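A short write-up of the structure that comes next.
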Amino acid sequence: MSINSFGHLFRFTTWGESHGPAIGAVVDGCPPGIALGEADIQPWLDKRRPGTSRFTTQRREPDQVRILSGVFEGRTTGTPISLMIENVDQRSKDYSEVALAYRPGHADYSYDAKYGFRDYRGGGRSSARETASRVAAGAVARLVVPQVRIRSWVEAIGGDAIDYAAFDDAAIDANPFFCPDPAAAARWEALVDGARKAGSSLGAVVACEATGVPAGWGAPLYAKLDAELAHACMGINAVKGVEIGDGFAAAALTGEGNADAMRPGTDGPEFLANHAGGITGGIATGQPIRLRVAFKPTSSILIPVETIDRTGQAADIATKGRHDPCVGIRGVPVVEAMMALVLADQALLHRGQTGR
């Protein structure tokens, strides 16, 4: 049984630990003949790379990817694609206290309860460092669905949300928060700085939209597109909630208020709303796929909190080391990657079932 793999036809497996020699992914099921080189993957890893601003962890990792297999003369061969990213800036000594006591909110206790043993260095396998492997695999997935445009941004930090009336797509890549509202980005500087200097952390909401997804992708009943997306995003480190379309807000609407009314269009129906987030019955409608992902505050903080040690005795713990004051910021490229991985898989499933 594999619990480190995701996908059906387009499938990837990640491997490695936060403070091991390297991390990586094996992508299987990629169609042959697709142009692929390390330069196609690196820009996406650079978006997630740590140490790019004072608002992220100061761990210095170049995150340079190497393709070890599955590519010949610049094109995919149809065989497994092995991707490796070396770890070069570990400081395992920062986690000496974590070896003895559990960080509340982190996976320390649950890993110990399951395995009776854990890699405490940076959280080992439970570290958000693993998401670099997902981003690398997601870069390959994007090449399988080139007709799809995927765009994510931070919608809120610490409960302070953007103003969608001021949404500027060009601003997303112009600030360290992936924020489409320049005024909100300016506010977040002080907000995240305050949490960082206090030794605390903040949660965030990341929004993601995929356009160009053809109507029909997704399969009832147990490969529903929205269920697969929720599964993919809930598996991201620190994620505690996923909404598709209006999500929980739909529960406050009436039937007519929630209906995505349709009129005849030139190339199919013209939708007058998109409360469903581009998915009904688990199948894409052709509208933009929209989802929101909630990231909890980083559990590794300098402020002492009550806990227990491995013997069950009461203790306090303050986590040393270099950690994101808001892990949701670097979650943006990870959410995009998981969207791409699900859509690549669904594209192949759709082709296999319908021939289109």
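The values are calculated or read from the model by the stated rules, or taken from the named source; none is laboratory data. What you see is a predicted model; the values in this text were computed from it and never measured. FYI the Cβ positions are ideal-geometry reconstructions off the backbone, even for glycines, and counts take in every protein chain you see. For accessibility, only protein heavy atoms count, side chains too; no ligands or nucleic acids. Shrake-Rupley method; radii C 1.70, N 1.55, O 1.52, S 1.80 Å.
Compute the acute angle (0 to 90°) between the alpha-carbon long axis of helix 38-48 and the principal axis of greatest extent of the alpha-carbon atoms of the chain; round to the nearest 10°. Once rounded, one gets 60 degrees.
Chymotrypsin sites (Phe, Trp or Tyr not before Pro), restricted to the stretch 147-255: which are DSSP loop and have at most 14 other Cβ atoms within 10 Å?
Answer in residue order: 167, 222.
Over all projection directions, the Cα-based convex hull of the stretch 163-287 averages an area of 10.2 nm². In terms of accessible area, using a 1.4 Å probe and ignoring ligands and nucleic acids, 68, 225, 348 rank largest first as 68, 348, 225.
Computed over the chain, relative contact order equals 23 percent, with contacts defined as Cα pairs under 8 Å that lie 6+ residues apart. For the options 266, 211, 76, a Gaussian network treatment of the chain with springs between C-alpha atoms closer than 10 Å singles out 266 as fluctuating the most.
Per residue, the chain exposes 45 Å² of solvent-accessible protein surface, assessed with a 1.4 angstrom probe and all protein chains in place.
Output needed for the stretch 264-323: three equivalent-ellipsoid semi-axes, defined as square roots of 5 times the C-alpha gyration tensor eigenvalues, in descending order, whole Å.
51, 13, 8
By the Cα gyration tensor, the stretch 5-79 has an equivalent ellipsoid whose semi-axes, rounded to whole angstrom, run 26, 15, 11 from largest to smallest.
Exposure check, 1.4 Å probe, all protein chains in place: residue 111 carries approximately 70 Å² of accessible surface.
When 71, 140 are compared by accessible area of protein heavy atoms, the largest-first order is 71, 140, using a 1.4 Å probe.
Only protein heavy atoms count here; on that basis, with a 1.4 Å probe, residue 14 has an accessible area of about 10 Å².
When the chain is treated as a Gaussian network with alpha carbon springs shorter than 10 Å, the biggest mean-square fluctuation among 342, 213, 305 belongs to 305.
What is the diffusion coefficient of the stretch 1-147 in µm²/s, taking the Kirkwood radius over Cα pairs and the Stokes-Einstein relation at 20 °C with a viscosity of 1.002 mPa s? For the chosen part, D equals 130 µm²/s. Looking at the chain, the pairs of alpha carbons with a distance over 31 Å make up 36% of the total. Label sites at residue 164 and residue 311, each approximated as a point 7 angstrom past Cα along Cα to Cβ, lie 5.5 nm apart.
The alpha carbon convex hull volume per residue for the stretch 230-356 rounds to 184 Å³.
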